Amino acid sequence: MPIKNGRLILERQVSDLAERFTVDPANLLSIGTVVRIATSGTYDIAISTGSSDNKTIGIVYSLDKTPNPYVAMAGRCIVNVRGTVAKGDTLVLSEYQGMLKTNNSAGFEIVKAIALTANTLQHGQVECILVRG
C-alpha cells in the first residue's frame, strides 16, 4: 500500500472526465463496470452487453448512496477485466457483460483503454487510461 505524508492511502487516487447518470437500482453496478446508454425505460445507463455493443459510453467510476453513479468517459480509472492483462496491454470490450479484455491488435473500438497495472486472474480489475476510439 502506498504511503503519503506518513499515512496509508487506502483508496486509489484516479483522475478522469466523469459525469453522473441515472441507473436502475436493481442493476447492482460495481466500480469498474463498463456501461452503455439505456435504450428503454426511464434510466440513463445499463451494463454493456458485450463486444459488439455500440452504445457503450464509459466505466463506472464512483458509487454513492444516490441512484446517479459517476461514469468515467475518459482518463484514468479502474475497470473490470476478463482474462490475463499485462501492463501496457490494449483493452477492448469483452464478450462478457460490463468487462474489457486484452486485444493488442485492436484498431478502432468504441471503448479502448491502456492497462496501467496487471491482472493474472480470470476475472479482476486493473487501473487503466480510458481513451475514446
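Data overview
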item: Matching residues in region 60-88 - criterion: being more than 22 Å from Tyr43 (Cα to Cα), without any contact (Cβ under 8 Å) to a residue 40 or more places away in the chain and either in contact with a Leu (Cβ under 9 Å, 6 or more places away or on another chain) or open to solvent by less than 20 Å² (accessible area, probe 1.4 Å) (or both); result: Gly83, Thr84, Lys87, Gly88
item: Considering residues of region 60-75 that are of a type outside the set (S, T, N, Q) and part of a loop (DSSP other than H, G, I, E, B) only, the residue modelled with the highest pLDDT; result: Pro69
item: Some residue of region 101-112 being surrounded by fewer than 22 Cβ atoms within 10 Å (Cβ to Cβ), in a strand (DSSP E or B) and of a type in the set (Val, Ile, Thr); result: yes
item: Subset of region 1-29 [among the hydroxyl-bearing types (Ser, Thr, Tyr) and modelled with pLDDT under 90]; result: Ser15
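Every residue, every condition in (1) in a strand (DSSP E or B); (2) open to solvent by 70 Å² or more (accessible area, probe 1.4 Å); (3) within 14 Å of Cys128 (Cβ to Cβ), yes or no:
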{"residue": "Glu19", "(1), (2), (3)": "yes, yes, no"}
{"residue": "Asn54", "(1), (2), (3)": "no, yes, no"}
{"residue": "Gly58", "(1), (2), (3)": "yes, no, yes"}
{"residue": "Val92", "(1), (2), (3)": "yes, no, yes"}
{"residue": "Tyr96", "(1), (2), (3)": "no, yes, no"}
{"residue": "Thr117", "(1), (2), (3)": "no, no, yes"}
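The values are calculated or read from the model by the stated rules, or taken from the named source; none is laboratory data. Predicted, not measured: the structure shown is a model, and the values here were computed from it. Glycine also receives a Cβ, built like all others from the backbone with ideal geometry; neighbour counts cover every protein chain displayed. With ligands, DNA and RNA removed, areas are computed over all heavy atoms of the protein, side chains included. Shrake-Rupley method; radii C 1.70, N 1.55, O 1.52, S 1.80 Å.
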